[in-house]
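The structure appears below as structure tokens.
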Amino acid sequence: MEFIDLAAQQARLKPQIDARIAAVLGHGKYIMGPEVAELEIKLSDFCGAVHTITCANGTDALQLALMALRVGPGDAIFVPSFTFAATAEVAPPMGAVPVFVDVDPVSFNMDPDSLVRAIDHARKLGLRPAVVIPVDLFGQAADYAAISAIVKAEGLKMIGDSAQGFGAVQGERMTGTFGDITTTSFFPAKPLGCYGDGGALFTPDPDIAALLDSYRVHGKGLEKYDNVRIGINSRLDTLQAAILLEKLAVYEDEITARQKVADRYEAGLANHVMTPRVPMGDRSVWAQYTLRLPSNAARDALAAALKAADIPSVVYYPVPLHQQPAYRDFPQSPDGLETSAMLAQTVLSLPMHPYLEPNAQDHVIAVVLDALVP
Ligand SMILES: *Cc1c(COP(=O)(O)O)cnc(C)c1O
């Protein structure tokens, strides 16, 4: 059994993807070829964003977003501690300071109350609160209603890190339409992944869109050798765009399939262990299906039982960022980050992908139940 079965998806899409790759080899426009522009339009259509700018990966997308928002020395960037390192990693190279915020014990996403305390704390430290980066962890949208209100009241900017959440819905809106900028990643294991590295940014602001378009190609002006600002090299390869066009065509169908897998886990497990909760009317894209166990020992015992049955499971994330050697000296929300620390000890993600067969999934459920209720 695979944790994420990319081969099953490839079997479904192989003829279309082969044809797309052949077309790129035929026209030879490997950098910024026509597939890149076509994908940007289709990504905007999919999520309802006004502008989409693709780039080389999800980490560059976050960096480009901070560049476009003109972040600099002394700026505080508020990030959850319970996330992948890339969310915080982009701040220090710009002279900015990541400030860690705790997460909610049910959604695992940024806790708005902890954010308020962190903003106040950053001011007391002499930092300038600048940008909040909520993360759509495991495919579920952050609490954008509450966080947007805080961002507005405090006069800050917001970047949604939707590397795991492209296609998620909150209220009437899809990720990609909240905040000043949304970023995503097309790393192969993400819900919408390519066959290498890739990323994108979404924004409603035409000025930000123009800046992002410039920064991703060395700060270009109207012409390629016209450098009007200091940029980076972060384009999405034409080949990756071509592959993504075919994957995007079935993405809605795959999200539906992921929801069926989530429903089957819920039906089998919810009475025995803490399963994910998605607010009524919202939609997760189920980047991960993550259980929360009552203790660290129970989590490790379940992981061991799954391993003994040859079922893959993963701990996302075993150490919260505020406890990592590279990040532990940055400021933290003053009331502590207990939930982030607790989740790192107690979560476990089960196999989740759109092609997980009911029989195989029932086996996973049986092994989990057996481990929980010996
Ligand atoms: C994967 C991921 C990123 C970075 O994306 P890459 O394309 O791997 O650079 C950023 N933030 C989160 C939350 C992620 O899961």
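The value obtained for segment 307-349, namely the Cα convex hull volume divided by the number of residues, is 70 Å³ per residue.
Using equal-weight Cα scatterers in the Debye expression, the normalised intensity of segment 173-245 in log10 at q = 0.16 Å⁻¹ is -0.67. For the peptides 215-224, 87-96, the ranking by mean Cβ contacts within 10 Å, running from highest to lowest, is 87-96, 215-224. With N the number of residues in the chain, Rg(Cα) / (2.2 N^0.38 Å) evaluates to 0.99. Under the simplified labelling scheme, the E38-V373 pair shows an inter-label distance of 5.2 nm, with each label point 7 Å from Cα along Cα→Cβ. A viscosity of 0.890 mPa s and a temperature of 25 °C, combined with the Kirkwood radius over Cα pairs in Stokes-Einstein, give a translational diffusion coefficient for segment 218-310 of 138 µm²/s. Counting every C-alpha pair in segment 247-374, the share spaced more than 20 angstrom apart comes to 50%.
In straight-distance terms, cross-link reach from K224 covers every one of the lysines whose alpha-carbon lies under 18 Å from its own, apart from those fewer than eight places away in the same chain; here that gives K29. Where both bridge residues fall in the chain, DSSP classifies roughly 60% of the beta bridges as antiparallel. Computed over the chain, the per-residue total of -39500 (n - 2.57) for DSSP H runs of n ≥ 4 gives a 222 nm mean residue ellipticity of -13000 deg cm²/dmol, rounded to 500. Return one whole number: the accessible area per residue of the chain in Å², for a 1.4 Å probe. For the chain, the per-residue accessible area is 41 Å². Extents of segment 179-337, taken as max minus min of Cα coordinates on every principal axis and listed largest first, are 61, 44, 33 Å. With contacts taken as Cα pairs under 8 Å at a separation of at least 6 residues, segment 315-360 carries a relative contact order of 49 percent. Expressed as a whole percent, the accessible area of the chain that falls on carbon and sulfur atoms is 55 (1.4 Å probe). Length gained on full extension, Q323 to L222, computed as 0.36 nm times the residue gap minus the Cα-Cα distance: 31.9 nm.
Considering only L137, V169, V217, the residue lying farthest towards the positive end of the dipole of the chain is V217, judged by Cα position with unit charges set on Cβ.
The values are calculated or read from the model by the stated rules, or taken from the named source; none is laboratory data. Since the model is a prediction, treat every value here as computed from it, not as a measurement. Ideal geometry is used to build each Cβ from the backbone, glycine not excepted, and the neighbour counts take in all protein chains shown. SASA here: full protein model, heavy atoms, side chains in, ligands and nucleic acids out. Shrake-Rupley method; radii C 1.70, N 1.55, O 1.52, S 1.80 Å.
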